[in-house]
Amino acid sequence: MKSIDSTENLQRIDAAHHIHPFTDGKQLAEIGTRIITSADGVFLKDSEGNTLLDGMAGLWCVAIGYGRKELADVAAQQMLELPYYNTFFQTSHVPAIQLSKRLAELAPGDLNHVFFSGSGSEANDTNLRLVRHYWAAKGKPNKQIIISRWNAYHGSTVAAASLGGMKSMHKQGALPIFGIEHINQPDWWSEGGDMTPEEFGLARARELEAKILEVGEENVAAFIAEPIQGAGGVIIPPDSYWPEVQRILNKYEILFIADEVICGFGRTGEWFATQVYNLKPDVMTIAKGLSSGYAPIGGSLISDEVAEVIKNAGDFNHGYTYSAHPVSAAVALENLRILDEEGIVDRVSDTLSSYFAKKWASLSEHPMVGSANSKGLVASLVLTPNKESRAKFASEAGTVGLICRERCFSNNLVMRHVGDRMIVSPPLIITESEIDLLIERAWKSIDEAYEQVK
Ligand code: PLP
């Protein structure tokens, strides 16, 4: 008889009782879940004894890598001292106060204020209510529309999924909610046609201006965007895109919400990607790398001007039981200390980004790989039957990507697919030899997928 915690038994119980996020339940019951049992550094162990290189840092979050005892110690100490208290009704606690100060120090510009949530999705829910409340408080209650982009991902709650531009999500639950408009994404490879990347970047940026004029500046509260669209396939925009968007944002009276849930805390080589692209957000969404995923926490960083209006507008009738949860806040503080004092963010910008970029780009020598781009330690490549014409596969989008992802698992590499794009976002503590291993396993997996589909 199989032991109670054999893989087979665990899979059976999981399939019977556990509904997984973003998963086809029937398929899962047939194939069985992969059960991760422990992790260290950039490596995961599964219940079958395999050791996988985690090219995704969990879900883009484990910046400092797995197995850092300091975070466990801080969490245990905080649980003993004050495991829970809230920040409602004129109350606070030390970890919340210290973390808000630290975030104000790290954040660019005058994003000196933070509203805490338990996740990135919740933070974007906060942002929707915050910007509408801000404009109402300023005597402009009609400014309610938020402009976002198709294929953006801003989370899974009702408001965050509405802000996102994933049509497959909108289809379930009658989304988007009122007042969300979408413009096209700056994905040159798939949608750029005959334009140069620079022409295309400008054209896509100008869709923002066209949308503002279409719906009326007097009705627009904010524009929300990820500096690099992550879950949409790591869409790194052409260089012309962000300067033109920022020019348009400066021209009109609308707020800019930069969603840094993936890009924040060093992923792109600066603490925040808005610094890489010289953007000036009024509100910034943070989560994931804030605690390296060791404890759930998110937040909205808010500019002096917006905070001033909100603070003087009476009660903000909004908050979560776990806003600034003391254990999560203490863990986040320790994570930020490690990122800073161990020079992890500096190392990404000084040496690792260029090493990784060169290695990642070498994958484009494979006959089935179109472009292979990266920024800092986030990267994508496009699988294509013809790189010159930037052709798509005849099979349904994602078929080849899925085959490639499965080959990666067989080769002990976690690499995600979005359609026929392959994406990675490894822990920021990855070493050069681990990058070599990642590239070696990626090449082998792409090649095996190629043999299967060519
Ligand atoms: N925003 C972005 C850009 C994300 O990538 C994600 C999650 O992947 C979210 C928001 C939602 O964060 P969470 O899953 O913590 O709710």
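Name every residue in region 245-279 that is part of a loop (DSSP other than H, G, I, E, B), away from the ligand (no atom under 16 Å from the Cβ) and either of a type in the set (D, E, K, R) or without any contact (Cβ under 8 Å) to a residue 12 or more places away in the chain (or both), in order of residue number. Hits for region 245-279 are GLU253, GLU270. The one condition from (1) outside any helix (DSSP H, G or I); (2) within 16 Å of the ligand (Cβ to nearest atom); (3) without any contact (Cβ under 8 Å) to a residue 24 or more places away in the chain that PRO141 does not meet is (2).
Here LEU71, LEU53 are screened, and the one residue that is away from the ligand (no atom under 16 Å from the Cβ), surrounded by 19 or more Cβ atoms within 10 Å (Cβ to Cβ), at pLDDT 95 or above and part of a helix (DSSP H, G or I) is LEU71. May I ask you to list the residues in region 398-419 that are free of Cβ contacts under 8 Å to residues at least 40 places away in the same chain and under 19 Å from the mean Cα position of the chain (by Cα)? Within region 398-419, just HIS417 meets the criteria. For LEU428, the conditions (1) modelled with pLDDT under 95; (2) under 23 Å from the mean Cα position of the chain (by Cα) are fulfilled apart from (1). Can you tell me which residue is surrounded by the fewest Cβ atoms within 10 Å (Cβ to Cβ) among those in region 395-435 that are in a helix (DSSP H, G or I) and touching a helix residue (DSSP H, G or I) at 6+ places or on another chain (Cβ under 7 Å)? In this case the residue turns out to be GLU432. Within region 425-448, residues that are within 29 Å of GLU270 (Cβ to Cβ) and touching a residue at least 24 places away in the same chain (Cβ under 8 Å) sit with their Cβ atoms under 9 Å from residues that are part of a loop (DSSP other than H, G, I, E, B) and of a type in the set (Asp, Glu), at 6+ positions apart or across chains, in these pairs: ILE429/GLU342.
The numbered conditions (1) over 22 Å from the mean Cα position of the chain (by Cα); (2) surrounded by 17 or more Cβ atoms within 10 Å (Cβ to Cβ); (3) more than 30 Å from ASP282 (Cβ to Cβ) are all true for VAL306 except (3). Within region 256-281, being closer than 20 Å to ALA221 by Cβ and surrounded by fewer than 24 Cβ atoms within 10 Å (Cβ to Cβ) holds for PHE256, LEU279, LYS280. Take THR351 and decide whether it is more than 27 Å from ILE224 (Cβ to Cβ) and either among the β-branched types (Val, Ile, Thr) or within 15 Å of the ligand (Cβ to nearest atom) (or both). Taking the combined requirement at face value, the residue satisfies it. Residues that are within 20 Å of the chain's Cα centre (by Cα) and of a type outside the set (Gly, Ala, Ser) within region 334-351 comprise ASN335, LEU336, LEU339, ILE344, VAL345, VAL348, listed in sequence order.
Among the residues of region 312-325, is there at least one that is closer than 30 Å to VAL400 by Cα and surrounded by fewer than 24 Cβ atoms within 10 Å (Cβ to Cβ)? So far as region 312-325 goes, no, none of its residues is closer than 30 Å to VAL400 by Cα and surrounded by fewer than 24 Cβ atoms within 10 Å (Cβ to Cβ).
Pairing each residue of region 384-397 that is closer than 18 Å to PRO197 by Cα with any residue that is among the polar types (S, T, N, Q) and part of a loop (DSSP other than H, G, I, E, B), provided the two are 6+ apart or on different chains, yields C-beta distances under 6 Å for ALA391/THR384. Selection of helices (runs of 4 or more DSSP H) fully inside region 301-363 by the criterion of at least 2 residues being of a type in the set (A, V, I, L, M) and within 22 Å of GLN90 (Cβ to Cβ) returns 304-311, 326-341. Here LEU383 fits the description: under 23 Å from the mean Cα position of the chain (by Cα) and not aromatic (Phe, Trp, Tyr). Scanning region 46-81 for residues that are within 24 Å of the chain's Cα centre (by Cα) and charged (D, E, K, R) yields a total of 2.
Taking the numbered list (1) part of a helix (DSSP H, G or I); (2) without any contact (Cβ under 8 Å) to a residue 24 or more places away in the chain in turn, ASP194 passes all entries but (1).
In region 118-138, which residues are more than 16 Å from the ligand (Cβ to nearest atom) and not in a helix (DSSP H, G or I)? Hit for region 118-138 is LYS138, nothing else.
Across region 1-19, the qualifying residues are those that are within 13 Å of SER47 (Cβ to Cβ) and part of a loop (DSSP other than H, G, I, E, B), and the one among them that is modelled with the highest pLDDT is SER6.
Within region 290-330, being closer than 12 Å to THR126 by Cα and in contact (Cβ under 8 Å) with a residue 60 or more places away in the chain holds for GLY298, GLY299, SER300, LEU301, ILE302, PHE316, HIS318, GLY319, TYR320, SER323. Filtering GLY139, GLY120, GLY65 for residues that are small (Gly, Ala, Ser), surrounded by 16 or more Cβ atoms within 10 Å (Cβ to Cβ) and closer than 30 Å to LYS211 by Cα leaves a single hit, GLY120.
Screening region 204-221 for residues that are over 19 Å from ASN278 (Cβ atoms) and of a type in the set (A, V, I, L, M, F, W, C) and picking the one that is farthest from the ligand (Cβ to nearest atom) gives LEU213. Scanning region 33-47 for residues being among the aromatic types (Phe, Trp, Tyr) and surrounded by fewer than 17 Cβ atoms within 10 Å (Cβ to Cβ) gives a total of 0.
The values are calculated or read from the model by the stated rules, or taken from the named source; none is laboratory data. What you are looking at is a predicted structure, and each value in this text was computed from that prediction instead of being measured. In this analysis, Cβ positions are derived from the backbone assuming ideal geometry, glycine residues included, and neighbour counts consider all displayed protein chains.
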